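Only one structure is covered here, and it is reproduced in the block below.
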Amino acid sequence: MGIVNIEDELHEQLRRASKASYRSINGQAAFWIRIGMLSELNPGLTFQELVARELREAGVDAPDLVAPVP
């Protein structure tokens, strides 16, 4: 595990977002990093599709979260 230096304003946004999503600040940062990485690797998928895919891969039954991709 390492240390990541970020701007103060981004840290403040992380702090606020973590409260709204009931995650730790580190958990929120990890979520944003993972979703960002997945978005770059899968540019044709929406945020909702990425989250639904992650939930399914984690074993959560989430078939109705997203409309089928044509």
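Odds and ends about this structure:
- Tabulated pairs, the stretch 32-61, first loosely packed, with under 13 Cβ neighbours inside 10 Å, second outside any helix (DSSP H, G or I), C-beta under 8 angstrom, 6+ apart or interchain: Gln48/Leu65; Gln48/Val66
- Complete set of residues in the stretch 1-10 that are open to solvent by 70 Å² or more (accessible area, probe 1.4 Å) and either within 15 Å of Phe31 (Cβ to Cβ) or among the acidic types (Asp, Glu) (or both): Val4, Glu7, Asp8, Glu9, Leu10
The values are calculated or read from the model by the stated rules, or taken from the named source; none is laboratory data. Please read all numbers here as calculations on a predicted model, not as lab measurements. Don't worry about glycine lacking a Cβ; one is built from the backbone with ideal geometry, like all the others, and counts go over all protein chains shown. Just the protein is used for accessible areas: all its heavy atoms, side chains included, with ligands, DNA and RNA removed. Shrake-Rupley method; radii C 1.70, N 1.55, O 1.52, S 1.80 Å.
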